[in-house]
Amino acid sequence: MNTENVNIKEERQDNQKPYYNVKVFLLFLMLAIIVGAISILYKDEPKIEPIKKTITNDFPTFVNVYNSKTDLQRESFWKEVRDKEVQWSGKIEDVRKGIVNKNEMVVVVKNERYTFHAVLADDEMTKKQAMTLNKGSTVALKGVLTGQDSLFSFWEISKATIVK
């Protein structure tokens, strides 16, 4: 009788094994579905760039405001205006390749007694327009303020486009 009980127990375990495998498979399937649904719900939406508001259209006034501040105030002012969009104009002194990156095109512009450099956007249309710029002619450029006037550099705007 003991042998019969052992055989019956073994038969039950053998019968339960396939059912146990199905349970494990269904559990993993449900987890995969849940993870997939969560990843779809929390998928990164394409980020929409906020509309940039041009903070200044008058380069000499901007420089005069900057120069009227103390060193401490200038530091705070720079933090506020850095990486903001500006549109400045002036007379072209030169159009040249970048010093560090020879693939860049830089327009050197002087307005009254102040100079700024505009690193042009890297697109074909802007490069073609740059080829038409003449020394001494007036140009308006729109870009992101990235460089601060100092002993070794000028004011600089990057990703600049030529405004018609």
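Every number in this text was worked out from the coordinates using simple rules, so none of it is lab data. As the structure is a prediction and not an experimental result, all values here were calculated from the model. Here the Cβ positions follow ideal geometry from the backbone for every residue, glycine too, while neighbour counts run over all protein chains shown.
Going by average Cβ neighbours within 10 Å, how do the peptides 84-94, 60-70 rank, with the highest at the top? All intermediate terms of the calculation are to be shown ahead of the outcome.
On the way: 84-94: 17.5, 60-70: 13.4.
Per-residue Cβ counts within 10 Å, averaged per peptide and sorted highest first, yield 84-94, 60-70.
Each listed q (0.18, 0.25 Å⁻¹) maps to a log10 I(q)/I(0) for region 103-164 from the Debye sum over equal C-alpha point scatterers, namely -0.61, -1.12.
Using the Cβ-Cβ distance between D58 and K127 with R0 set to 22 Å, the FRET efficiency from 1/(1 + (r/R0)^6) comes to roughly 0.20. Checking the table K91/K164; K53/K135; K69/K127; K69/K135; K79/K110; K97/K142 against a 26 Å threshold on Cα-Cα, which pairs fail? Flagged as over cut-off: K53/K135; K69/K127; K69/K135.
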